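Q: This is the structure, below, for whatever I ask next.
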């Protein structure tokens, strides 16, 4: 009797945790955009806003020691896997306490302690690394699973098909996680992807599914299944998450000539990942508006504290420049 | 009655490579080898024959013909606790895996602020005159020598093939090791016991007082042949093998050039923008006021390697060209 009473509460807590994680990612990247606009951040950044349900739904299905590789649009993956906001901001500002001591920046955040093998600025460039991590897990006799995040743009890279082929041949515990946000940089994916996306992994014998990437519960449930499958030694999988990036390719892409404002409004108003989860839990009578407001207030405080930490943090010493070229 | 083996034991260059890999795989269970035709086939040059029988297909892994794919898999395995040897059959094929070698393996340690390591060895080949034409004959070690984050080794004989391979496998940074495919059957003394050759330490292969000849890989043999011819006309050549192009032992070459006052650099990579240019400039900068002649260099001819033997032989440095160039540098007509 008691367990039946606890389970829904645990489920609610898990859902509210996913909401919090998504809210944190959104607030983080909104702050990144502000840092860019106020010229406090060197270089550019690729915002994850709109796609939060993918990173959170995926990473909540993983253990801390499971491994991920990330992309140029990677802040969401890093945070969802457990990275701390303050050291993330510090890295984006090129500061010493950053995750890579300021040497990686927005596109290269790595955090081995949370199983993050690094974001990668070569589109599709980490497909080999994630597959190798899965091979390594198998050779070392752990039951770790590796997840390779990549966008629809990476479907144009031959490397992806080479490593999926080997992962299928060797039944490696790796999940190829395609975030299909409909645009590869500035080009609609309809101009770059021929045929059926899922037919590609399936041709290689890789189990493939598609899911609504704006629905964190759906992503999470699907991923749990695929992760367990991989952990049991049943081989690789490919999951397409249909999603949408609210901003441009990067913070400086403000005109977005390649798509309509109407399309953007449609996604933001009808398919927002935070709204979708909040309204579902509200309709089910599991939470009220006050719960979500409190989460957003907490998250804002965490983000504010993180960015203040990073702004005040020191830059690396000049003698750091030639450190760590070789191990 | 048998006497203990004290005389030098001889192995071929290929056997020395195989012995190094086998010994390291016995010593360290994290070491494995991955590439095309490496298991039952034992590699087209038969360098790996027997390894799969000892270590099995879980550690000697045959792959599809997918250089970028298995190179990337090696990088990921290296980042997560393994020590892969990635076998790239021909040096020409590193071009296919270049993103994984240059943008991934070489940069992960630095980009992660030193938190991640990539202890990986890419073993591949260089060397022309096998009548294999333009896509199987190049010596592309300058390409990777250019990249911070990579170390590059060029064994010049069986002894070096074993010692440098062992050092490469034990290194925590990515190493690219180029074996001269024309030398696999060359025999030489190789100790049966465990030994390593430190990276960044050149070896004086032959002492001399009149000219310094810096030579890499199989060009060491060419330079030693030329040195014999030079001796016959009264020129004492000092032959130096840098053994690694990165780290590069500039000081040994500078010191030798200061002593001899003349220097010639010989390497089988394309001459333009090549390894010879880097070494020649290091000598010119470091020994300028001791030099009696400009530093000369001989690389492969700047043409795609031709098929026809009469043409191909013209493209690589030979004993004769090294001899003539050294003689001219010493102003002997």
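Read the figures in this text as sums done on the coordinates, not as results from a lab. These numbers were taken from a predicted model, which means no experiment stands behind them. Every residue, glycine among them, receives a Cβ derived from its backbone with ideal geometry; neighbour counts consider all protein chains shown.
Q: Given the alpha-carbon gyration tensor of the protein assembly as shown, what are the semi-axes of its equivalent ellipsoid in whole angstrom, ordered largest first, with each equal to the square root of 5 times an eigenvalue? Write down the numbers at each step before the final one.
A: Values: eigenvalues 584, 144, 91 Å².
For the protein assembly as shown, the semi-axes come out at 54, 27, 21 Å.
Q: Determine the relative contact order of chain A: mean sequence separation of Cα pairs under 8 Å and six or more apart, normalised by residue count, in whole percent.
A: It rounds to 23 percent for chain A.
Q: According to the square roots a ≥ b ≥ c of the eigenvalues of the Cα gyration tensor, what is the shape class of chain A, taking rounded for a/c under 1.5, prolate for a/b larger than b/c otherwise, and oblate for the remainder? Don't skip to the end; give the middle numbers.
A: On the way: a/c = 1.25, a/b = 1.05, b/c = 1.19.
Cα axes put chain A in the rounded bin.
Q: By how many degrees, 0 to 90 and rounded to 10, does the Cα axis of helix B:275-287 deviate from the longest principal axis of chain B?
A: 50 degrees
Q: For a label point 7 angstrom out from the Cα of residue A:14 toward its Cβ, which stretches of the stretch A:52-77 have the backbone nitrogen within less than 18 Å?
A: Taking a point 7 Å out along Cα→Cβ of residue A:14, the residues of the stretch A:52-77 whose backbone N falls under 18 Å are A:53-66.
Q: Taking neighbour counts of Cβ atoms within 10 Å as a proxy for exposure, in what order, fewest first, do A:246, A:183, B:13, B:289 appear?
A: Ascending Cβ contact count within 10 Å gives the list B:289, A:246, A:183, B:13.
Q: Let me ask another. Across peptide B:76-88, what mean number of C-beta atoms from other chains lies inside 10 Å of a residue's C-beta?
A: Going residue by residue through B:76-88 and averaging, the value is 6.
Q: Any chance you could give the angle, 0 to 90 degrees and rounded to 10, that helix B:250-260 forms with the longest Cα principal axis of chain B?
A: With rounding to tens, the tilt is 20 degrees.
Q: Any idea what log10 I(q)/I(0) is at q = 0.08 Å⁻¹ for the stretch B:11-189, Debye with uniform C-alpha scatterers and no solvent?
A: Relative scattering, expressed as log10 I(q)/I(0), comes to -0.21.
Q: In whole Å, how far is the Cα centre of the stretch A:46-97 from that of the stretch B:254-270?
A: 51 Å
Q: If a/c stays under 1.5 just call it rounded; otherwise compare a/b with b/c (prolate if a/b is bigger, oblate if not). Do that for chain B, with a ≥ b ≥ c from the square roots of the Cα gyration tensor eigenvalues.
A: Prolate shape, in that a/c is at least 1.5 and a/b is the bigger ratio.
Q: Another question, then. Sorted from fewest to most neighbouring beta carbons within 10 Å, what does the list A:178, A:148, A:100 look like?
A: The order, fewest Cβ neighbours first, is A:100, A:178, A:148.
Q: Helix-only estimate, please: 222 nm mean residue ellipticity of chain B, summing -39500 (n - 2.57) across DSSP H runs of length 4 or more and dividing by its residues, to the nearest 500.
A: The per-residue figure over chain B is -10000 deg cm²/dmol.
Q: Let me see the P(r) profile for the stretch B:203-320: every Cα-Cα distance counted, bins of 10 Å, each bin given as a percent of all pairs.
A: Once binned at 10 Å, the Cα pair distances of the stretch B:203-320 give 15, 47, 31, 7, 0.
Q: What is the stretch A:171-283's relative contact order, in percent, from Cα pairs under 8 angstrom and six or more apart in sequence?
A: 37 percent
Q: In percent, what relative contact order does chain B have, based on Cα pairs under 8 Å that are 6 or more apart in sequence?
A: 16 percent
Q: Determine the shielding of peptide A:159-168 by partner chains: average, over its residues, the number of Cβ atoms on other chains within 10 angstrom of each Cβ.
A: Shielding by partners across A:159-168 averages 5.
Q: By its C-alpha gyration tensor, with a ≥ b ≥ c as the square roots of the eigenvalues, how is the stretch A:1-141 shaped: rounded for a/c under 1.5, else prolate for a/b larger than b/c, else oblate?
A: Oblate shape, in that a/c is at least 1.5 and b/c is the bigger or equal ratio.
Q: What FRET efficiency comes out for residue B:302 versus residue B:134 if R0 is 22 angstrom and r is the Cβ-Cβ distance? Round to the nearest 0.05.
A: Efficiency, rounded to the nearest 0.05: 0.95.
Q: Separate question: Quick check on the stretch B:203-329: of the DSSP beta bridges with both residues there, what percent are antiparallel, nearest 5%?
A: 20 percent
Q: Moving on. Nearest-5 percent of antiparallel DSSP beta bridges in the stretch A:167-259?
A: In the stretch A:167-259, DSSP labels about 15 percent of beta bridges as antiparallel.
Q: Residue A:33 to residue A:262: FRET efficiency via 1/(1 + (r/R0)^6), r the Cβ-Cβ distance, R0 22 Å, to the nearest 0.05?
A: For residue A:33 and residue A:262, the calculated efficiency is 0.50.
Q: Tell me what chain A gives for mean residue ellipticity at 222 nm when only DSSP H runs of n ≥ 4 count, each as -39,500 (n - 2.57), the sum divided by the residue total, rounded to 500 deg cm²/dmol.
A: Values: 11 runs with 151 residues, N = 327.
Theoretical 222 nm ellipticity from helices: -15000 deg cm²/dmol.
Q: Could you state the angle between the C-alpha long axis of helix B:219-232 and the longest principal axis of the C-alpha atoms of chain B, as a value from 0 to 90 degrees rounded to the nearest 10?
A: Taking Cα atoms only, the helix is inclined about 20 degrees.
Q: Report the antiparallel proportion of the DSSP beta bridges in chain A as a percent, rounded to a multiple of 5.
A: Antiparallel: roughly 10 percent of the beta bridges in chain A.
Q: Still on this structure, I have one more. Would you tell me the mean number of C-beta atoms belonging to other protein chains that fall within 10 Å of each C-beta in B:218-225, as a whole number?
A: The mean count of partner-chain Cβ atoms within 10 Å per residue comes to 0.
Q: Figure the gain on full extension for residue B:196 and residue B:41 (residue separation times 0.36 nm, minus the Cα-Cα span) and round it to one decimal in nm.
A: Answer, rounded to one decimal: 53.0 nm.
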